[in-house]
Amino acid sequence: MLDQKPTDSVEDTPQSERMKQIVLFGILTLLTITATAMLHVNQPEFILDRFVGITEVEYSLFDSVLYLSYFIFGLATGALSDRWSRRRDFVLVGTIGSIIFYWLMPTALSYPLLLLFRFLQGAFTVMTWQTLMTMVLDFSGTTNRGKNMGIFGAFLGLAMGLGPAVGGIIASYGVFVPYYTASMLNVVVFVIAFFTVKDSKVTKKKPTLKHSLSVVRRHPKLVVPGLFNFVDRLHIGFILTALPFVLSTVLGLSESLRGLTLAIFAMPFIVLQYPMGKLSDRIGRFKLLIIGSIGFGLVLISIGFIGFQGFSSLLVMLVILGFFAGMTSAPSMALVGDTTGPEDSAMAMGFFNFVGNLGITIGPITFGFLALVSDFVVAFIVAGLLELITLAIIIVLIKFVFKEDLA
């Protein structure tokens, strides 16, 4: 069964120690993602005021090259960390690289050089957070996987809300301050990880690189959580690029109000991670994934029609959008572990994030292109339709290709 609920596998590490490590991974992810999420709020000032004549499409490349690096290096990280079985080292190397390139971005004297620094920052950042996500699976059994991914997802969601809120405040002290702060946060991550992070015993197995890269052939049902992640991450990339740009250029909001707006969107997402993850352990993954996807698509379309008629109406719709987003994150991550064994967990999560990173790379470009050839209204409507179309494709795959029950 794709949406299986089997019994736990044997794990020598005591449950209390596993839970401490999962919470630790969540805290480190909170710091890592907060660092990168802080940068979205003042991107109009950081880019448009420094490099005159930047178009909407060129502006969107700042986020797209970040997610392109996630796309490329996320898969490599999964394969290599399975092969070398030393996840902790990937976390440490990732934080060192992030420290360097967050610090270098404000020094870039040309836009192409800035994009290069952004790409390299993303390569090291994805090495950190994707490895931490995989380590949650390493320390989880099948009967508590949804709950544990819910705990992890809560820290992830908190970072997505806290980052823009903090970024909006500190950006008022200087356009480069969020970048230097992001660098310092990664120093904290490195110190904590160096002294506290431990590898799970399941990572002592060392599959060959060829074995790791063939994970989808051995587990073809991984395409289902992969597609859910693709469209979810596409919309994250879309929203994180579109909202600050529209709030700045259309509604004329300050950095702090832009940060507050993104934080308000993230709040229901944060709150729902643990309960939805735990609920998916009990009732299965698909009920929540289908309801959340339908609701998210319809609300995103509605934002295109009425969301920008006023700031208050936009806030209400973003809260509803965050609610539906919160229904899908933890169940889709847990579904990865449902389809693979612990020896394939990093490569499976690597594939999951590879497809998701493809989506988040396309998201900003989708906004930039549609905003250039049409307007913001059409961009949001098309984004919502993509959610519904992808869900329909997934349902066809589950019912007619994998012949699974959606109940």
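The values are calculated or read from the model by the stated rules, or taken from the named source; none is laboratory data. A quick note: this is a predicted structure, and the numbers were derived from the prediction, not measured. Heads up, the Cβs are rebuilt from the backbone with ideal geometry, glycines too, and the neighbour counts pull from every protein chain shown.
Only a single item in (1) among the aliphatic types (A, V, I, L, M); (2) part of a helix (DSSP H, G or I); (3) buried (at least 18 other Cβ atoms within 10 Å of the Cβ) is not met by V319, and it is number (3).
I'd like to verify a number: residues in the range 80-116 that are surrounded by fewer than 23 Cβ atoms within 10 Å (Cβ to Cβ) and small (G, A, S), how many? Total satisfying the criteria: 4. Remark: pairs (first residue in the range 150-174, free of Cβ contacts under 8 Å to residues at least 40 places away in the same chain; second residue in a helix (DSSP H, G or I); Cβ separation under 9 Å; 6+ apart in sequence or on different chains) = G174/Y180. Being within 19 Å of V41 (Cβ to Cβ), among the polar types (S, T, N, Q), modelled with pLDDT under 90 and assigned to a helix (DSSP H, G or I) is not true of S81. Within the range 307-316, the residues that satisfy the criterion of being more than 25 Å from the chain's Cα centre (by Cα) and modelled with pLDDT under 80 are F308, Q309, G310.
Just to be sure, is S280 among the polar types (S, T, N, Q), in a helix (DSSP H, G or I), farther than 24 Å from V382 by Cα and at pLDDT 85 or above? Yes, satisfied. In summary, helices (runs of 4 or more DSSP H) completely within the range 153-221 and bearing 2 or more residues that are at pLDDT 90 or above and surrounded by 16 or more Cβ atoms within 10 Å (Cβ to Cβ) occur at 177-196. Within the set P331, P364, the sole residue that is under 21 Å from L253 (Cβ atoms), touching a helix residue (DSSP H, G or I) at 6+ places or on another chain (Cβ under 8 Å) and surrounded by 24 or more Cβ atoms within 10 Å (Cβ to Cβ) turns out to be P364. What's the total number of residues in the range 326-344 that are at pLDDT below 80 and under 19 Å from L156 (Cα atoms)? So the answer is 1.
Evaluated against (1) surrounded by fewer than 16 Cβ atoms within 10 Å (Cβ to Cβ); (2) at pLDDT 80 or above; (3) not basic (K, R), L240 falls short on exactly one condition, (1). When the criteria are applied in full, S16 fails the requirement of being within 20 Å of the chain's Cα centre (by Cα) and under 29 Å from Q273 (Cα atoms). Pairs meeting the criteria (first residue in the range 291-315 and surrounded by fewer than 18 Cβ atoms within 10 Å (Cβ to Cβ), second residue of a type in the set (A, V, I, L, M) and at pLDDT below 85, beta carbons under 8 Å, at least 6 apart or on different chains) are F305/V377; F311/L251; F311/L253; S313/I306. Against the numbered list (1) surrounded by 19 or more Cβ atoms within 10 Å (Cβ to Cβ); (2) at pLDDT 85 or above, R258 comes up short only at (2).
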